[in-house]
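Undergrad: Following this message is one structure expressed as structure tokens.
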């Protein structure tokens, strides 16, 4: 009999606990109308930062971010001008590969690349997720960032040997990567997306 | 006299897509009416070849891959890998980094237990605890997002320390969480612990004996529920766990109800550890400098830590001359617990299979890697 | 269902039929958009974010989206998580079992193009659009619950623009 | 029982058959012949001072010139942990199954067989379980393995 | 009451037009049926929306918000969407059984409302065996569940169908005994007499200690099991049997099952009000408002159960009914009989 009474008591206590929440106001953030204020370190979409006044990119094509990326989502093409200085031709981030880990942001010591706190980029077709320089720059236009204090002479010197120490051991690979960078391991036939019309006979998977 | 009543067993395929199989695990059940005669688990639906990927990544690039090894407690996967590499290379993380790691690990254990609490009650029919559990988990995820920027795959712990220091508004928010959380756990307990339906559904269901558990390599809350007082944080202390005092809850019979009680108590103990770690948090830098092309010396190490689902072990073998590991083998707690499932589910009902699967807290990334 | 598809054709013959047809289009596509029932299909880390979106803070139910366990009653698959080669035929099987006006959201990098498992993995499908026709792609690994909700809003916009006649 | 005492105890218990490797950074790593494996496992499991009752992990390794199967074991009772491995050449690599000592080894060995092709003697249930059922492209974890759609990450 | 008056006026008007008596009955009763069906359709749509809102607010979130103010259009939109869905019949299904199952469920759900008094005089036909008819009809839903389980030729559906048949049968007996103890005091089976015997508030059967509250609790538990709701919602247990008997149903057929479930819940609550809470009795407000208030209160309790309790296993469910609920309801009936004999309540 005692067990029965305690059973009923606990059932009622359970009911009371849920009933208690009936009166409390909801914790829901109604997404489209009220948006959650994102903490500033939140890793959203990779964007290229540009200088406020001059508006041109901070990127000095040092290729550190491309080397740091665990999924090779960043793909940089550049060509050399007469003084051997690299000029950025195209900076591609493929969001189908990127794993939003932020290693590129840590590798870049010129504050050229940042994970912005933006996240609203769903698209209807796959190609929109491969972002090129202009889209990256335009999305990153209003992203606040603090420029690392450039101690001009010795920072340059420090950066130079580091890069130079980098360069001698790496140049054969670098040039090698330049070619392969064009199509980093793209499989031979591009997987054709199944659109509405050929839904009946789905292309045979690889 | 008519022929004896002949029942014929039939096969039911609790397929890879099933609400209660926590991701993608398939059971082929031989059923006699409601009673499960034989359960054969089929796995491999989430096998993403993580070990092969890690063999072609440098040690720093392995971390995001390890995050996805066990996504409910990514912090402990990163920490296991970094602990193994630090043992290999003989690096010691600074004091403050070690404290931050302990705080993050224990918060992540509470978040993982909250996922378990939600899915267990969902699998046994009570929907509301799922929502309450996830409401508290959102507060923990805010803390994580404040420090490392992601909600689930943090990539926060680095080899030799931690990637970033905690922002100024982290500590007040954490204090507020520490003060609020015990009351919430009491709320959860009121909802389920003495609920007669919950007791009837969980008591003496899926009993895992001590020998069977040790034989099959089951570890963590499932092993402690069977009465073995074995917790890696106490018996093979890594990091700073010998500086905090917390007790290890153990069960007696080893049935679903004991596993439930052990995990609920563990949530409180983890909170105690976080509180003590927060008080003793020293100042200091958060990362030891590593050479740019970090190459650990030749050797092999198997480091294991106490994850929310049992012992998580990372075995690394490095060839000494390359900056990529020669072999990374990951061992999750759920791997052995799924192996022992057919033994303890035999003879029970299909509803018991669901109850045992939920109480063992098996999730598939650890099993399939 | 067949009858409804031919309705606009019949209505054209009546004098005011055109207006009725377009307003009918509006009502039907509006109702289709604001009550999508999604299939409980989650494989990897995105499944945890899918559960978090269903929980109290982000609440799928506000959009009228409840989770259905059986593919017959669902009209949206949110492919949340890595689709491995062993799981691909299952995904195709589930997609075929769904009733006709059905949609697919590819959530997370793994379903767009293989995500972190594109290189060096022998067991992961590189994106799911050669298995099932995908309507909305959501980047992120895993995408925040807000970006999942934003993806659902994009899907709703796409459904609202649909006419009755053009589902296949 | 710390590392040195453990090493000394095991070395003089299994005099000639077990030799210590220097690659173990934290816990001792031993090397033994494949035919001595089952006897060694039964001995350490029944030995009172060791009482190894917990098999943590069995890892197959392809070191480029040979196969290795690494066993990580531990004792719950008296907090001992160490590894031991068996090295074997590429051709007809095979290993005894230790299921009789620790039933938990079943799936670990099955995985080693499926991904590396190291044959496990009298295992009982050597069937495919991680890779798709219609998988016919060999043993994917070997270093020399390749497949048409297997894309390696570009060396950057 | 005024609506009953219209019904009578329509009846005389028809009779005066000289049609044969049979035709007059058919037309008037079909009009009454249409009125009840329309009213219940609206009530069911409201209940679906109400359940989603209550479950949301219990879980501290907002239910449907975007279709109309606070989502009141949501159920209508759901129905509109379900109409557009493709209607799949599995190839291996047992075609006629599969086709008729939802229709049987739909019809069975509405047949119980013949003798339920919505207000003073607001009753389709006051049979003198009212409650007996209702009990007979409510067991009709088992047939639809079995047909659905067998028809869709799917192991999960079959398991779900078998479970629901066993569950409803075994909870039918305690429910009937609880109702019997009330009928014992009311002295008649007709629903209107039962309600009239509870004229004053202290005469409500729920307050007639000691057998009243026990009978009410037994009735409520058996009622939850009857309408397959938690903690007895075994047939469509998402976690175990994917979607129970309605695994194979999509589109309009599924909508019928979904609709029938909510109408069943409303029936259970309506009978509970009539038997234990004094039907439409109540001061000041018009009678049908009282009826609706009490029924919605009972429906709220049923919903509250759903969002709090976990689910029972099948054998525990059977054991609870046969080994616990049945003896208690027998004892309760004996107490009621003794009290009736000893004229405990002779007012």
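The values are calculated or read from the model by the stated rules, or taken from the named source; none is laboratory data. Keep in mind that this is a model prediction, so the values were computed, not measured. A quick note on method: Cβ atoms are made from the backbone with ideal geometry, for glycine too, and the neighbour counts reach across all protein chains shown.
Undergrad: Is it the case that some residue within the stretch B:262-282 is touching a residue at least 60 places away in the same chain (Cβ under 8 Å), over 19 Å from residue D:61 (Cβ atoms) and within 13 Å of another protein chain (Cβ to nearest Cβ)? Before you say what the answer is, go through the steps one by one.
TA: In the first step, residues of the stretch B:262-282 are kept if they are touching a residue at least 60 places away in the same chain (Cβ under 8 Å); the result is B:263-264, B:266-268, B:270-271, B:273-275, B:277-278, B:280-282.
Subset that is over 19 Å from residue D:61 (Cβ atoms): B:263-264, B:266-268, B:270-271, B:273-275, B:277-278, B:280-282.
Imposing the further condition that a residue be within 13 Å of another protein chain (Cβ to nearest Cβ) reduces the set to none.
Checked against the condition, which is being touching a residue at least 60 places away in the same chain (Cβ under 8 Å), over 19 Å from residue D:61 (Cβ atoms) and within 13 Å of another protein chain (Cβ to nearest Cβ), the stretch B:262-282 yields no hits at all.
Undergrad: Taking the condition of being within 30 Å of residue B:218 (Cβ to Cβ) and in contact with a strand residue (DSSP E or B) (Cβ under 8 Å, 6 or more places away or on another chain), how many residues in the stretch B:246-303 meet it?
TA: Adding up the residues that qualify gives 5.
Undergrad: Filter the stretch A:29-45 down to residues that are in contact with a helix residue (DSSP H, G or I) (Cβ under 6 Å, 6 or more places away or on another chain) and either more than 17 Å from residue C:148 (Cβ to Cβ) or modelled with pLDDT of 85 or more (or both) and give me whichever is surrounded by the fewest Cβ atoms within 10 Å (Cβ to Cβ). Walk me through how you get there before you give the answer.
TA: In the first step, residues of the stretch A:29-45 are kept if they are in contact with a helix residue (DSSP H, G or I) (Cβ under 6 Å, 6 or more places away or on another chain); the result is A:31, A:39, A:42.
Checking the rest, the ones that are also either more than 17 Å from residue C:148 (Cβ to Cβ) or modelled with pLDDT of 85 or more (or both) come to A:39, A:42.
On the way: A:39: 17, A:42: 20.
So, considering only residues that are in contact with a helix residue (DSSP H, G or I) (Cβ under 6 Å, 6 or more places away or on another chain) and either more than 17 Å from residue C:148 (Cβ to Cβ) or modelled with pLDDT of 85 or more (or both), the one surrounded by the fewest Cβ atoms within 10 Å (Cβ to Cβ) is A:39.
Table: residues versus (1) at pLDDT 90 or above; (2) under 30 Å from residue B:355 (Cβ atoms); (3) more than 16 Å from the chain's Cα centre (by Cα).
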position	(1), (2), (3)
E:257	no, yes, no
E:267	yes, no, no
E:270	yes, no, no
E:287	no, no, yes
E:297	yes, no, no
E:344	no, no, yes
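Undergrad: In addition: Going by what's in this entry, would residue D:144 be described as in a loop (DSSP other than H, G, I, E, B), more than 12 Å from every other protein chain (Cβ to nearest Cβ) and modelled with pLDDT of 85 or more?
TA: On the way: in a loop (DSSP other than H, G, I, E, B): yes; more than 12 Å from every other protein chain (Cβ to nearest Cβ): yes; modelled with pLDDT of 85 or more: yes.
Judged against the criteria, residue D:144 is a match.
Undergrad: Looking at the structure I just gave you, is residue D:74 touching a helix residue (DSSP H, G or I) at 6+ places or on another chain (Cβ under 9 Å), within 27 Å of residue D:24 (Cβ to Cβ) and either assigned to a loop (DSSP other than H, G, I, E, B) or within 11 Å of chain B (Cβ to nearest Cβ) (or both)?
TA: Numbers: touching a helix residue (DSSP H, G or I) at 6+ places or on another chain (Cβ under 9 Å): no; within 27 Å of residue D:24 (Cβ to Cβ): yes; either assigned to a loop (DSSP other than H, G, I, E, B) or within 11 Å of chain B (Cβ to nearest Cβ) (or both): yes.
It is false that residue D:74 is touching a helix residue (DSSP H, G or I) at 6+ places or on another chain (Cβ under 9 Å), within 27 Å of residue D:24 (Cβ to Cβ) and either assigned to a loop (DSSP other than H, G, I, E, B) or within 11 Å of chain B (Cβ to nearest Cβ) (or both).
Undergrad: Would you mention how many residues in the stretch B:321-369 are farther than 16 Å from residue B:43 by Cα and part of a strand (DSSP E or B)?
TA: 5
Undergrad: On to the next question. Within the stretch A:1-109, which helices (runs of 4 or more DSSP H) (wholly inside it) include 2 or more residues that are over 18 Å from the mean Cα position of the chain (by Cα) and within 11 Å of another protein chain (Cβ to nearest Cβ)? Walk me through it before giving the result.
TA: Details: elements: A:2-23, A:64-68, A:103-107.
Hits in the stretch A:1-109: A:2-23.
Undergrad: Find the residue count for the stretch E:302-334, including only residues that are surrounded by fewer than 16 Cβ atoms within 10 Å (Cβ to Cβ) and in contact (Cβ under 8 Å) with a residue 12 or more places away in the chain.
TA: 2
Undergrad: Condition first: within 7 Å of chain A (Cβ to nearest Cβ) and farther than 24 Å from residue B:153 by Cβ. Can you find one or more residues in the stretch C:118-131 that meet it?
TA: Within the stretch C:118-131, one or more residues are within 7 Å of chain A (Cβ to nearest Cβ) and farther than 24 Å from residue B:153 by Cβ.
Undergrad: Considering only helices (runs of 4 or more DSSP H) fully contained in the stretch B:182-229, which possess at least 2 residues that are surrounded by fewer than 24 Cβ atoms within 10 Å (Cβ to Cβ), without any contact (Cβ under 8 Å) to a residue 24 or more places away in the chain and within 14 Å of chain D (Cβ to nearest Cβ)?
TA: On the way: elements: B:196-202, B:210-215, B:221-225.
In the stretch B:182-229, B:210-215 are the helices (runs of 4 or more DSSP H) which contain 2 or more residues that are surrounded by fewer than 24 Cβ atoms within 10 Å (Cβ to Cβ), without any contact (Cβ under 8 Å) to a residue 24 or more places away in the chain and within 14 Å of chain D (Cβ to nearest Cβ).
Undergrad: Right, something else. With the structure loaded, tell me whether residue D:8 is more than 9 Å from chain B (Cβ to nearest Cβ), free of Cβ contacts under 8 Å to residues at least 24 places away in the same chain and exposed (fewer than 15 other Cβ atoms within 10 Å of the Cβ) or whether it fails that test.
TA: Here the answer is yes, as residue D:8 does meet what is asked.
Undergrad: Could you run through the stretch C:106-131 and say how many residues are farther than 16 Å from residue B:50 by Cα, crowded, with 24+ Cβ neighbours inside 10 Å and either without any contact (Cβ under 8 Å) to a residue 12 or more places away in the chain or under 11 Å from the mean Cα position of the chain (by Cα) (or both)?
TA: The qualifying residues number 2.
Undergrad: Here is a further query. Take the conditions modelled with pLDDT of 90 or more, touching a helix residue (DSSP H, G or I) at 6+ places or on another chain (Cβ under 6 Å), closer than 30 Å to residue E:307 by Cα and away from chain E (no Cβ under 14 Å) and apply them to residue B:177. Does it pass?
TA: Details: modelled with pLDDT of 90 or more: yes; touching a helix residue (DSSP H, G or I) at 6+ places or on another chain (Cβ under 6 Å): yes; closer than 30 Å to residue E:307 by Cα: yes; away from chain E (no Cβ under 14 Å): yes.
Yes; evaluated as a whole, the condition is true for this residue.
Undergrad: Please give the number of the condition residue D:71 fails out of (1) at pLDDT 90 or above; (2) over 29 Å from residue B:85 (Cβ atoms).
TA: Among (1) at pLDDT 90 or above; (2) over 29 Å from residue B:85 (Cβ atoms), residue D:71 violates only (2).
Undergrad: Please go through the stretch B:125-147 and pick out each residue that is surrounded by fewer than 24 Cβ atoms within 10 Å (Cβ to Cβ) and free of Cβ contacts under 8 Å to residues at least 24 places away in the same chain.
TA: B:127, B:130, B:135, B:138, B:145
Undergrad: Within the stretch B:61-91, which residues are facing another protein chain (nearest Cβ under 7 Å), touching a residue at least 40 places away in the same chain (Cβ under 8 Å) and over 16 Å from residue B:367 (Cβ atoms)?
TA: B:64, B:87, B:88
Undergrad: For residue E:91, only one of the following conditions fails: (1) touching a helix residue (DSSP H, G or I) at 6+ places or on another chain (Cβ under 9 Å); (2) outside any helix (DSSP H, G or I); (3) farther than 26 Å from residue E:41 by Cβ. What is its number?
TA: Condition not satisfied by residue E:91: (1).
Undergrad: Related question: Those residues that are touching a strand residue (DSSP E or B) at 6+ places or on another chain (Cβ under 9 Å) and farther than 24 Å from residue E:183 by Cα, I need them from the stretch E:269-304; list them, please.
TA: Passing the criteria: E:286, E:289.
Undergrad: Looking at this structure, is residue C:79 more than 14 Å from chain E (Cβ to nearest Cβ), crowded, with 22+ Cβ neighbours inside 10 Å and within 13 Å of the chain's Cα centre (by Cα)? Outline the logic, then answer.
TA: Details: more than 14 Å from chain E (Cβ to nearest Cβ): yes; crowded, with 22+ Cβ neighbours inside 10 Å: yes; within 13 Å of the chain's Cα centre (by Cα): yes.
Yes; evaluated as a whole, the condition is true for this residue.
Undergrad: Could you please find all residues in the stretch E:244-265 being surrounded by fewer than 24 Cβ atoms within 10 Å (Cβ to Cβ) and either in contact with a strand residue (DSSP E or B) (Cβ under 8 Å, 6 or more places away or on another chain) or within 16 Å of residue E:175 (Cα to Cα) (or both)?
TA: The one that is surrounded by fewer than 24 Cβ atoms within 10 Å (Cβ to Cβ) and either in contact with a strand residue (DSSP E or B) (Cβ under 8 Å, 6 or more places away or on another chain) or within 16 Å of residue E:175 (Cα to Cα) (or both): E:264.
Undergrad: Quick one: how many residues across the stretch C:27-43 are touching a residue at least 24 places away in the same chain (Cβ under 8 Å) and more than 18 Å from residue E:86 (Cβ to Cβ)? Show your work before the answer.
TA: Step one: list which residues in the stretch C:27-43 are touching a residue at least 24 places away in the same chain (Cβ under 8 Å), which gives C:28-30, C:32-43.
From what is left, the residues that are more than 18 Å from residue E:86 (Cβ to Cβ) are C:30, C:34, C:40-43.
Residues flagged as touching a residue at least 24 places away in the same chain (Cβ under 8 Å) and more than 18 Å from residue E:86 (Cβ to Cβ) within the stretch C:27-43 amount to 6.
Undergrad: Turning to a different aspect of this structure: Could you check the stretch B:119-174 and list, in sequence order, the residues that are away from chain E (no Cβ under 14 Å), touching a helix residue (DSSP H, G or I) at 6+ places or on another chain (Cβ under 8 Å) and assigned to a helix (DSSP H, G or I)?
TA: B:140, B:141, B:142, B:143, B:144, B:146, B:147, B:170, B:171, B:173, B:174
Undergrad: Of all helices (runs of 4 or more DSSP H) completely enclosed by the stretch C:1-113, which ones contain at least 2 residues that are modelled with pLDDT of 85 or more? Even if it seems obvious, please write down each step before you answer.
TA: Working: elements: C:2-13, C:17-33, C:45-54, C:88-97, C:109-113.
Passing ranges, in order: C:17-33, C:45-54, C:88-97, C:109-113.
Undergrad: On to the next question. Which residue is nearest to the chain's Cα centre (by Cα), if the candidates are limited to the stretch A:112-134 and must be more than 20 Å from residue C:136 (Cα to Cα) and surrounded by fewer than 16 Cβ atoms within 10 Å (Cβ to Cβ)? Step through it out loud before you land on a result.
TA: First, the residues of the stretch A:112-134 that are more than 20 Å from residue C:136 (Cα to Cα): A:112-117, A:132-134.
Restricting the remaining residues to those that are surrounded by fewer than 16 Cβ atoms within 10 Å (Cβ to Cβ) gives A:132, A:134.
Numbers: A:132: 13, A:134: 15 Å.
Ranking the candidates gives A:132 first.
Undergrad: Against the conditions (1) within 14 Å of chain B (Cβ to nearest Cβ); (2) in contact with a helix residue (DSSP H, G or I) (Cβ under 7 Å, 6 or more places away or on another chain), where does residue D:119 fall short? Just the number, please.
TA: (1)
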